[in-house]
Amino acid sequence: MTVPATERAAMARARELGAAALGTTSPNPAVGAVILAADGSVAGEGATQPPGGPHAEVQALAAAGERARGGTAVVTLEPCAHTGRTGPCADALIEAGVARVVVAVPEPTQLAGGGAERLRAAGVAVELGVEQDEAELGALGPWLTGVREHRPQVIWKVAATLDGRVAAADGSSRWITGEQTRAAVHRLRATCDAVVVGSGTAVTDDPQLTVRDADGRNADRQPLRVVVDRRGRLPETARVLDDAAPTLVSRAASPAELLAELYERDVRRVLLEGGPTLAAAFLAAGLVDEAVVHLAPKLLGAGPSLVGDLGITSITGALSLETVEILPSGGDVQLRLRPTRHTGGRQSVRKRS
Ligand SMILES: NC(=O)c1ccc[n+]([C@@H]2O[C@H](COP(=O)([O-])OP(=O)(O)OC[C@H]3O[C@@H](n4cnc5c(N)ncnc54)[C@H](OP(=O)(O)O)[C@@H]3O)[C@@H](O)[C@H]2O)c1
């Protein structure tokens, strides 16, 4: 769909605004909105506030004030038409006198749907589906996964040496990657509602699993820490049980059961931080949506590999991933990947539509 360059730039900015709100909005979507004044200049910006707070459009309208009249609202998700904890955004846009609304993703739920119709009925021009894929793969991903699959989005994050080792033969795994990469991991954690590890990692590494700044101070908002510990191996002294953040020790028998448990708790974005055994269980079940792999320019030659047994015995059965992004990270390399297909092994991996 072709829209003017000013609106494309505003949509890119709206995606950024939504992304900056990730980790604070669940179970609501992380939406971004930009109001362009009638002359095309940016009049206001907004993003979804924590549950109960204003939606992105309302925040952007408040920032724009009278400059919204005759202007264009550019929003990553179709404005809602229903009254939940806040009023309908479609009505707020009509009252503000906006002449045109440009939307990336049409509202998929019946409850909040009908915004575009309501706007059109009031004489507002509406464009739906503008750069929809980009918005779906960005900050709206966690919420859309919830709507479509009734489970949280799963980001699997792993740090490995060039030969794919996640720990040395003696079990030590601290400082595989450099400072810049470790800081990036804390920023990634902050965008998630829960951080998950298996009992193996919790027992071997005793991680705290909190979001910390460069000086090691814990952030105010912390994701739920989750240890999947089916046999009760986690010692009472484990650092993950300290009072720095809430913690769930789950006995869930399978990744799907764990995700159902987390979904019930309004978790919409999970960071799966290992280890190789639990990661293999998620991958084999087709429950990884994205992988963030940090590769350090080091070789160990021995030690656990980044993923455990996937039940794949032939190259034709390899689990394929699509490379989304490759970024240098200090001396390391960060790869963002998405599983695409799985032709063999224990179970088939879900193909993203
Ligand atoms: N470099 C990195 O990024 C990184 C990250 C994490 C870990 N590591 C390294 O990985 C090593 C630990 O590996 P690991 O494989 O033992 O860790 P893990 O995957 O964290 O833990 C494995 C354990 O998780 C439990 N589990 C719970 N639900 C499961 C399920 N559905 N399927 C399979 N297992 C499930 C199992 O124990 P129960 O049956 O008792 O519950 C299993 O033995 C350590 O050396 C650590 O340093 C490295």
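Looking at this structure, is residue 236 outside any loop (DSSP other than H, G, I, E, B), free of Cβ contacts under 8 Å to residues at least 12 places away in the same chain and among the charged types (D, E, K, R)? So residue 236 does not fit the description; no.
Residues are listed down the side, and each one gets a yes or a no for (1) charged (D, E, K, R); (2) within 13 Å of the ligand (Cβ to nearest atom):
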{"residue": "236", "(1), (2)": "yes, no"}
{"residue": "257", "(1), (2)": "yes, yes"}
{"residue": "261", "(1), (2)": "yes, yes"}
{"residue": "269", "(1), (2)": "yes, no"}
{"residue": "274", "(1), (2)": "no, yes"}
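Kindly check whether there is at least one residue in region 35-58 that is of a type in the set (S, T, N, Q), touching a residue at least 40 places away in the same chain (Cβ under 8 Å) and not assigned by TED's automatic domain parsing to the domain that holds residue 154. Checking region 35-58: not a single residue is of a type in the set (S, T, N, Q), touching a residue at least 40 places away in the same chain (Cβ under 8 Å) and not assigned by TED's automatic domain parsing to the domain that holds residue 154. Put simply, of 243, 213, 170 the only residue that is more than 16 Å from the ligand (Cβ to nearest atom), of a type in the set (D, E, K, R) and at pLDDT below 95 is 213.
Restricted to region 246-279, and to residues that are assigned to a loop (DSSP other than H, G, I, E, B) and under 26 Å from residue 164 (Cβ atoms), which residue is modelled with the lowest pLDDT? Break it down into steps so the answer makes sense when it comes.
Narrowing region 246-279 to residues assigned to a loop (DSSP other than H, G, I, E, B): 246, 251-254, 265-268, 273-275.
Imposing the further condition that a residue be under 26 Å from residue 164 (Cβ atoms) reduces the set to 254, 273-275.
On the way: 254: 98, 273: 97, 274: 87, 275: 95.
Top of the filtered list is 274.
Checked against the criterion of being of a type outside the set (Asp, Glu), in the same structural domain as residue 156 (by TED's automatic domain parsing) and open to solvent by less than 10 Å² (accessible area, probe 1.4 Å), the candidates 234, 271 yield just one match: 271. Of all residues in region 182-199, none are open to solvent by 20 Å² or more (accessible area, probe 1.4 Å), part of a helix (DSSP H, G or I) and farther than 21 Å from residue 225 by Cα.
Based on this model, can you work out whether residue 109 counts as among the hydroxyl-bearing types (Ser, Thr, Tyr) and either open to solvent by less than 20 Å² (accessible area, probe 1.4 Å) or in contact with a Ser or Thr (Cβ under 6 Å, 6 or more places away or on another chain) (or both)? Taking the combined requirement at face value, the residue does not satisfy it.
Taking the numbered list (1) of a type outside the set (A, V, I, L, M, F, W, C); (2) open to solvent by 30 Å² or more (accessible area, probe 1.4 Å); (3) in contact (Cβ under 8 Å) with a residue 40 or more places away in the chain; (4) assigned to a strand (DSSP E or B) in turn, residue 298 passes all entries but (4). Count of region 144-171 residues, restricted to those that are open to solvent by 40 Å² or more (accessible area, probe 1.4 Å) and part of a strand (DSSP E or B), is 1.
Among the residues of region 307-318, just one is open to solvent by less than 30 Å² (accessible area, probe 1.4 Å) and away from the ligand (no atom under 15 Å from the Cβ), namely 317. Comparison of 210, 204 shows that the only residue that is open to solvent by less than 20 Å² (accessible area, probe 1.4 Å) and of a type in the set (S, T, N, Q) is 210. Residues of region 286-306 that are near the ligand (Cβ under 8 Å from one of its atoms) and hydrophobic (A, V, I, L, M, F, W, C): 306 alone. When region 124-142 is filtered for residues that are open to solvent by less than 30 Å² (accessible area, probe 1.4 Å) and either modelled with pLDDT under 95 or among the hydrophobic types (A, V, I, L, M, F, W, C) (or both), the ones remaining, listed by number, are 124, 126, 130, 135, 139, 140.
The values are calculated or read from the model by the stated rules, or taken from the named source; none is laboratory data. All figures in this text were calculated on a predicted structure; none of them were measured in a lab. In this analysis, Cβ positions are derived from the backbone assuming ideal geometry, glycine residues included, and neighbour counts consider all displayed protein chains. In case anyone asks, the SASA skips ligands and DNA or RNA and just uses the protein heavy atoms, side chains included. Shrake-Rupley method; radii C 1.70, N 1.55, O 1.52, S 1.80 Å.
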